[in-house]
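Quick notes on the structure that follows.
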There are 2 protein chains.
Amino acid sequence: MSCANILESNTAPATPSRAAASGSRTHKIWSNMHDVCNLLRIPSATFIGDDDHHFQHVQFKAGQRIHTAGQAFDMLYVVNCGFLKSVMIDEFGNEQILSFPMKGDLFGIDGIHTKKYTSEAVALSSCDIILIPFSKFAAIGRTNPVLETALYGLMSRELIREQGMITMLGSLTVEARVARFLVSLSERFSAIGYSGKAFNLPMTRREIGNYLGVTLETASRTLSAFNELGLISVDQRSIYIHDLNALKTLRRLPPSRARIEQQEKRAAAAAAGYLPTQQQPAPSTTMREQMAVV
Amino acid sequence: MSCANILESNTAPATPSRAAASGSRTHKIWSNMHDVCNLLRIPSATFIGDDDHHFQHVQFKAGQRIHTAGQAFDMLYVVNCGFLKSVMIDEFGNEQILSFPMKGDLFGIDGIHTKKYTSEAVALSSCDIILIPFSKFAAIGRTNPVLETALYGLMSRELIREQGMITMLGSLTVEARVARFLVSLSERFSAIGYSGKAFNLPMTRREIGNYLGVTLETASRTLSAFNELGLISVDQRSIYIHDLNALKTLRRLPPSRARIEQQEKRAAAAAAGYLPTQQQPAPSTTMREQMAVV
DNA sequence: CGGAATATTGAGGGTCATCAAATGTCGTGG
DNA sequence: CCACGACATTTGATGACCCTCAATATTCCG
């Protein structure tokens, strides 16, 4: 609902509901409590005086900033549709991507403490964002203990997500990080009604690498390695996941020496004029080649 | 106040107030709102019905768990004194230390979202912990908008801290991480009345390494390198900071090749029978040697 | 269509993990 | 009190992994 204008959304929406108002370029300007609670996946049922709250939508185009670091805080934001990145910049000027908010995600929370945002949020695609004035956010909590707990819960959820991120950066191999990144994207896409198997990456290799604490080259190489192993097919921004379970349980790839030997074996076999037909872990075709075949 | 029984606290308390009830082994069992707000550094001035809230203290010895991952959530905790670690364990069994709570720090927040703690908290020393039932926490917020904002602010503060941690793990060199770790400890010790220049590490090298995303050997070697450079003196758990500013601005050490050449130069000079007296960056004495001299 | 941004892939070198050994520290029990 | 064992710390040697630099191909957008 209301995102018909966001065209580049993603491949293969699971529910191909061609947008209620098909030809219309108009989009929703206001949401009520009920809509926002649904988006955030918190109980919207019981709340009192049920329609005196209205929340404004704002549209952003790719590259635009929703807020910048140091800017005075007064709003929280909920993504209605589109993709963003949240970036922290440290005292040396290092940029670190903290998250890729998408539909249903809340951001801007980091501004509460010092009344200034400590991170900046940038649209990666066209976005439709709902504004939640912080004063209203707190007021809503006061109206209803269930909602209040839900609001604390939202912040706690974000805290847990970041703890998982710390654990990932601190204790996982690069391959495991990239695998987990893909699994996470897959699950989040599924949760908002897109395909979890075939999707387009909303971000560049540089952004993926930055997010995962590696260089863009390493990010690219790791995706290529997964492609070689047949776990995924990747071509530029498009991803197809062949073996989600392998990605979920992957800790580290076979040592590179073994990988190289395996490649050499395959190469030698190919040179000898036959294909092992059996041991080959998977066709090492790129998605484009697959599509060309189709 | 009230922590006279915690003996191993730390070296050189800045305020040598020999504990109000000096010989007494008794410690405070209850704190009121005012005490807790002071500990947390949030405004305690204006709140209504000012003494119907009392919070229980509990003591833990080194090694004991305050809560474990998966345990049902109902409490938040505030450290009155002592040192702890907060540890997350991921689905592979990897342990990642998320923080080292000390006096004035709030922990247990991660339990709010799913009503189960996702991390565990372990005492590194004798600890005196104040229990804050979550229901009471929320109720307090409802009594006073200023306090309510302060409570959201506490969670936001923790979120920002974790974002800084992610940025550190994702974009800093190992040396910069260790340097920042020392600076952070120094500042936190200062804030709670200990010396920020001379202190004892409450945690092992393994725990430091785990926290910073490196092995214990790398943590140890990096501390030794800082010692060689004269930035700090380190001997086992005791730290003396010689050049806090250098630690604050350090991004990376001179490349190891240059360091080795420098060492060789010094060694050659020493073999030749004289000391450069000038270029020597600092005496490479350990703290123990320094103390022995005194 | 052309230029800028993005992505892929290779070669080489530095950093850090791993394995290993020696020393130091601390608590416990003989 | 000392001996013992468990654990913590330091330091060295080696190699895997990832960063850096570089060249090329592809895509995107005006």
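Taken together, the values in this text are just the output of simple stated rules run on the coordinates, not laboratory data. Computed from a predicted model, the values in this text were never measured in an experiment. When we count neighbours, we look across all protein chains shown, and the Cβ atoms used for this are built from the backbone with ideal geometry, even at glycine.
So the values come out like this:
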| quantity | calculated |
| --- | --- |
| Peptide B:87-97 - average C-beta neighbours from other chains (10 Å radius) | 5 |
| At R0 = 41 Å, FRET efficiency that the Cβ-Cβ distance of B:LYS197 and A:SER220 yields, to 0.05 | 0.35 |
| Inter-copy spacing of B:THR68 label points, which lie 7 Å from Cα along Cα→Cβ, given in nm from shortest upward | 5.1 |
| Ascending count of other beta-carbon atoms within 10 Å, so fewest first, for B:ASP235, A:ASP105 | B:ASP235, A:ASP105 |
| Surrounding net charge for A:ILE97, when Lys and Arg each add one and Asp and Glu each subtract one, Cβ distance under 12 Å | -1 |
| Teacher prompt: A:GLY104 distances to equivalent labels in other copies, 7 Å Cα→Cβ, nm | 4.0 |
| Burial ranking of peptide ranges B:81-90, A:32-41, B:208-217 (average Cβ count within 10 Å, highest at the top) | B:81-90, B:208-217, A:32-41 |
| Amide H partners (placed H, <5 Å) of B:THR118, local residues excluded | B:GLY70, B:GLY111 |
| Copy-to-copy label separations for B:SER190, where each label sits 7 Å from Cα toward Cβ, in nm and ascending | 5.0 |
